[in-house]
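Report on the following structure.
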Amino acid sequence: MSGEEIKIKVTNTESGDKPQAEESAGEESQARKLSAEMEDLRQTLLRRQADFDNYRKRIEKERAEDSKRATARVLESLIPIVDSFEHALGAHKDDEYAGYRKGFELIYKQLLDQLARLGVERVEPLGTAFDPHVHQAVDRTETTEHADGIILEVFQPAYVFHGRVLRPAMVRVAVHPGGASNRAVN
């Protein structure tokens with residue numbers, strides 16, 4: 001081999017390394033770019049999954065609330081039937097109606113038990129403080145025997161379904177003599 005051949009081979013080897021180095025750097029850049037794109041796609045997927053989970057939970061909550069509202073409307077319509085049973089049971093206490101009365105009492109008890117299983121609570125506020133959110137004052141009695149605002153008599157009990165008042169109690173409330181005028185002045 002002559003000196004020229006060696007030079008050519010060395011030159012070819014050196015010039016061959018440069019494209020490989022540039023190619024290697026390009027591949028690393030491409031790999032970083034693909035890795036960044038993959039990370040962006042992964043983050044987008046995680047956000048979409050979280051959005052979907054939030055949507056699913058919101059829809060489930062709305063369905064449960066809709067179901068409660070529909071049930072409350074049906075239960076609200078049954079309360080007058082309970083009142084009718086109570087009036088019927090209170091009307092005829094004669095011995096000749098004992099058989100009918102016993103049957104009515106059984107049906108009445110079944111109705112109340114079913115309402116309780118569905119979540120309806122009957123509120124008997126006698127002797128408690130008046131609460132305008134649960135009670136409706138239809139009468140007041142001036143008295144000093146009871147504290148101001150105490151319920152003295154219940155005309156109709158209240159019914160509550162999961163914290164929502166289906167029907168407020170109709171009540172008579174104790175009021176101290178001159179209390180209304182004193183409050184109006186103050």
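The values are calculated or read from the model by the stated rules, or taken from the named source; none is laboratory data. Everything numeric here is computed off the predicted structure, so don't read it as measured data. Here the Cβ positions follow ideal geometry from the backbone for every residue, glycine too, while neighbour counts run over all protein chains shown.
Does residue 131 meet the test of being closer than 28 Å to residue 73 by Cα, within 25 Å of the chain's Cα centre (by Cα), exposed (fewer than 12 other Cβ atoms within 10 Å of the Cβ) and acidic (Asp, Glu)?
Considered against the rule, which asks whether it is closer than 28 Å to residue 73 by Cα, within 25 Å of the chain's Cα centre (by Cα), exposed (fewer than 12 other Cβ atoms within 10 Å of the Cβ) and acidic (Asp, Glu), residue 131 comes out as no.
Residues in the stretch 134-148 that are more than 32 Å from the chain's Cα centre (by Cα) and part of a loop (DSSP other than H, G, I, E, B): 143, 144, 145, 146, 147, 148. Listed by first and then second residue, the pairs with beta-carbon distance under 7 Å, at least 6 apart or on different chains, first residue in the stretch 58-86 and assigned to a helix (DSSP H, G or I), second aromatic (Phe, Trp, Tyr), are 72/161; 75/161; 79/159; 85/104; 85/108. Looking at residue 115, is it in contact with a helix residue (DSSP H, G or I) (Cβ under 7 Å, 6 or more places away or on another chain), touching a residue at least 40 places away in the same chain (Cβ under 8 Å) and within 24 Å of residue 72 (Cα to Cα)? Taking the combined requirement at face value, the residue satisfies it. Considering the conditions (1) assigned to a strand (DSSP E or B); (2) within 22 Å of residue 85 (Cβ to Cβ), residue 172 is excluded by exactly one of them, (2). Screening residue 156 with (1) surrounded by 15 or more Cβ atoms within 10 Å (Cβ to Cβ); (2) modelled with pLDDT of 90 or more; (3) farther than 13 Å from residue 82 by Cβ gives one miss only, at (3).
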